[in-house]
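One structure is given below, encoded as structure tokens.
The values are calculated or read from the model by the stated rules, or taken from the named source; none is laboratory data. Keep in mind it's a predicted model, so treat the numbers as computed, not measured. Cβ sites come from the backbone with ideal geometry, for glycine too, and all protein chains shown count toward neighbours. For accessibility, only protein heavy atoms count, side chains too; no ligands or nucleic acids. Shrake-Rupley method; radii C 1.70, N 1.55, O 1.52, S 1.80 Å.
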Amino acid sequence: MSPAANWKRPKANAPGSFDDESPWASLPADLAPGMWAGGYWLETCSTTSGPWPSPADKKRFFNISTGIFVRHRVPLLLDYNYLVFCPVEGLLLLQGQHGDGNTLLLLHPFTGDIAELPSVTSIKRNLRAHLDPHGTYENYTDVIASVSVNADGIPRVVIVLLDFSYALCATTKDEQWSVLASCYFPQGWPMTSQGKMYIFEGSTDDNKLQILQIDPTQQGPRLCSKPQKLIIATCPADKIYPPFHLVDCDSDILLVGYTNYTLSSHMLVYRVADLIRGRVDPLTSIEGNALLIGSKTSVSVSSKAVPAIVRNTILSAPVSDNFITCYDLNCGTWSETPARLVKHGRGMACTCSFIDHMFSVCHCPATQ
């Protein structure tokens, strides 16, 4: 097994230092399917991404498939030396706060393995070249990312900057980020999974919704040209209405939308694998799971792991009305509960539900 380039494990007593090489190629087998999908959810991680500080070096991780909490020490998050840029399918992408270029590191939070990626300076350079040449591009509040590993054990990371509608890609061998695609998302937000990016587009005659896949590995290690968008599935436009969401659920990609544009609309869920086969049959069960639909990021949660969640339901984050809505796929009915948007005072016990925490509408000290 060949060791991956630029992949190191810090010494136990020297956070942030680099020592022995670790075989990155073996890590995917050790990981859960993702930080969100079937993997671990970091307690202070919001459904709205972006760099955020950690008040201590120990964080609680929650496995959204098994319901197990793990409290683990993450030395790189100590003393604000690094901020979490975004979660990456079981890993964390960290942004350094010191030194030139704002280093980006890919961290396995449980083993301490780290890999260095091109800096934030390279991201800014790309955005200035394609957008405003005088832009500062200091804040990335909405970011999603995905990681894959090639046969030589080299990690490749795709990041989608939702604020700027750009996707970039780099490996740990690269010195610069490369623009993967310029995408506007009028139909729904993209999804990244296993190093690939999935987006929505309407067909030229607007009769079909198209789901497209962008795979950076088709372009070689340096991405000399942008990869083509591959249509992997279509759905008749009259069978589902926006806003659309893609959710990774038990290794299946699900398409979520609505029956119409009216207030009496019901929710629909299609398995993308069925659409690929030409079957346009909405699901009435998602195998006991629940879908948490965020404004830009969505996740599947096992009802066995979180008993408070009703199986085969779709929960939507509050936008302006301060209510979390719940749609029951079995019954086709809606319900709603107030989101607890009140900030708790110091010393007060948190009475918020787990769903409040998942949707980041709890403002108690435990999540600050």
**OP:** Could you run through segment 266-295 and say how many residues are touching a residue at least 60 places away in the same chain (Cβ under 8 Å), open to solvent by less than 10 Å² (accessible area, probe 1.4 Å) and assigned to a loop (DSSP other than H, G, I, E, B)?
**Re:** 1
Original post:
Does Leu263 fit the bill of being surrounded by fewer than 19 Cβ atoms within 10 Å (Cβ to Cβ) and either at pLDDT below 90 or in contact with a strand residue (DSSP E or B) (Cβ under 6 Å, 6 or more places away or on another chain) (or both)?
Top reply: yes
Original post:
Residues in segment 61-82: is at least one modelled with pLDDT under 80, hydroxyl-bearing (Ser, Thr, Tyr) and touching a strand residue (DSSP E or B) at 6+ places or on another chain (Cβ under 9 Å)?
Top reply: yes
Original post:
How many of the residues in segment 175-202 are in contact with a Gly (Cβ under 7 Å, 6 or more places away or on another chain) and assigned to a loop (DSSP other than H, G, I, E, B)?
Top reply: 1
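Per-residue answers, yes or no, for (1) out of contact with any helix residue (DSSP H, G or I) (no Cβ under 9 Å at 6 or more places or on another chain); (2) open to solvent by 40 Å² or more (accessible area, probe 1.4 Å); (3) not in a strand (DSSP E or B):
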{"residue": "Glu116", "(1), (2), (3)": "yes, yes, no"}
{"residue": "Asn126", "(1), (2), (3)": "yes, no, yes"}
{"residue": "Thr136", "(1), (2), (3)": "no, yes, yes"}
{"residue": "Arg156", "(1), (2), (3)": "no, no, no"}
{"residue": "Lys173", "(1), (2), (3)": "yes, yes, yes"}
Original post:
Right, Leu83: under 25 Å from Ser193 (Cβ atoms), part of a strand (DSSP E or B), touching a Phe, Trp or Tyr at 6+ places or on another chain (Cβ under 7 Å) and free of Cβ contacts under 8 Å to residues at least 60 places away in the same chain or not?
Top reply: yes
